[in-house]
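Coordinate-derived values only; no laboratory data. From a predicted model like this one, the values you see are computed outputs, not experimental measurements. In this analysis, Cβ positions are derived from the backbone assuming ideal geometry, glycine residues included, and neighbour counts consider all displayed protein chains.
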Amino acid sequence: MDMGKKGLYMIQSLVFAYIATGILLCLLAFIIYQSNAGMKIANLGITLTYILASVFAGMLIGSKIGKKKFLWGFAAGMLYFMILTLISWIFQKNIVLFSTERITACFLCIAGGTLGGMLAI
């Protein structure tokens, strides 16, 4: 399989992950609005959304490529986080790029992508 096709698969998996992120965050916002949950629940929901989206991306890229699935899942999770951070930085210039929360989110996205790659059929 050539690199162009692999790159296209990576883009497809990331687009799917961001669509899933949007849907899950909208659902989370609705649930929090209806239940008047606090910021702790909101932050937990956001973190779980990032992990699930990374797992989805890892599963998709792993099933498309078929070899070294966990490495492709790892790459998908890392790219998912990097793009998310870049978008956050573009729209909010004063974010802290190297905070404990951001580093934790990075590792969770990478772990989610790797897990998704390993679970890919």
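Worth a mention:
- Applying both filters, DSSP loop and at most 15 other Cβ atoms within 10 Å, to the trypsin sites (Lys or Arg not before Pro) of segment 1-83 gives Lys67, Lys68.
- Stretching the chain fully between Ile11 and Met78 yields a gain of 22.8 nm (0.36 nm per residue, less the alpha carbon separation).
- Computed label-point distance, nm, for sites Ser88 and Lys67 using a 7 Å Cα→Cβ extension: 3.6 nm
- Residues Met3 and Leu27, FRET efficiency given R0 of 41 Å [Cβ-Cβ distance, rounded to 0.05]: 0.70
- For Val15, Val55, the sequence from fewest to most other C-beta atoms within 10 Å is Val15, Val55.
- Taking each residue as 0.36 nm, the span from Gln34 to Ile103 lengthens on full extension beyond its C-alpha to C-alpha distance by 21.8 nm.
- Computed per residue of the chain from DSSP H runs no shorter than four, each worth -39500 (n - 2.57), the mean residue ellipticity at 222 nm is -30500 deg cm²/dmol.
- On the principal axes of its alpha carbon atoms, the chain extends 49, 30, 20 Å, with the longest extent given first.
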